[in-house]
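What follows is a short report on a single structure.
Each reported figure results from applying straightforward, stated rules to the coordinates on display, with no laboratory input. Worth saying up front: this structure is predicted, and the values here are computed from it rather than measured. Positions of Cβ are generated from backbone atoms using ideal geometry, with glycine treated the same way; all protein chains shown enter the neighbour counts.
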Amino acid sequence: MKRIITVFLALLLLCGCSAKNYTPVIKADFNLSAVYKTGDFSYSCNIIKKDGCVFVIPSSTRAKGLIISCNGKEVSFKRKDFIKKYPIEEIDKTNPAVIIYRVFTSLENAKVNLADDEFTYTGNCSIGKYILVQRKDNSFSSLTFPEADISVHFNKSAE
């Protein structure tokens with residue numbers, strides 16, 4: 001009888017101590033406020049991913065009002081009535097819309113880890129290694145390119 005009670009209590013303890021499994025979710029479309037930094041230069045911007053295209057819209061500095069977009073084939077620059085499109089191969093590989101597009105279209109190949117209540121995606125794109133950090137609530141925290149001295153810090157949103 002003692003063995004049965006001991007086994008029953010052990011099973012009860014094991015059932016009560018199940019590990020939670022958190023699965024990261026990457027939204028197909030999003031609109032986030034961020035600070036983009038390269039070297040000593042930084043600016044505030046909105047980063048939008050919609051219908052397979054990434055838009056970077058600076059909201060500070062003299063670039064305010066410029067819309068940079070990348071759809072994987074071409075990059076466009078638009079400001080008021082001005083619009084200019086270039087094949088992606090002709091654009092500097094550190095262009096913010098290009099690198100953000102390439103990160104979010106390569107996440108299925110990234111290594112994913114959960115530590116300290118954050119998911120970390122580590123992968124490679126045209127400018128080298130990237131590290132994307134996502135909070136447990138699935139909002140993004142940061143995106144860094146250590147080899148290129150580029151980082152994006154996402155503001156916490158209610159999205």
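What the table below lists for this structure:
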quantity: Inter-label distance, nm, simple model (7 Å from Cα along the C-beta direction), Asn31/Asp149; calculated: 3.5
quantity: Two-site FRET efficiency, Ser44 against Ser139, from Cβ-Cβ distance with R₀ of 22 Å, rounded to 0.05; calculated: 0.80
quantity: Equivalent ellipsoid semi-axes, the stretch 51-95, via Cα gyration tensor eigenvalues times 5, rooted, Å; calculated: 18, 11, 11
quantity: Unit Cα scatterers, Debye sum, the stretch 24-77: log10 I(q)/I(0) for q = 0.16, 0.24 Å⁻¹; calculated: -0.51, -0.98
quantity: Dimensions (Å) - the stretch 42-159, Cα atoms, principal axes, largest first; calculated: 46, 30, 28
quantity: Computed E for Lys84/Ser126 - FRET, C-beta separation, R0 22 angstrom, nearest 0.05; calculated: 0.55
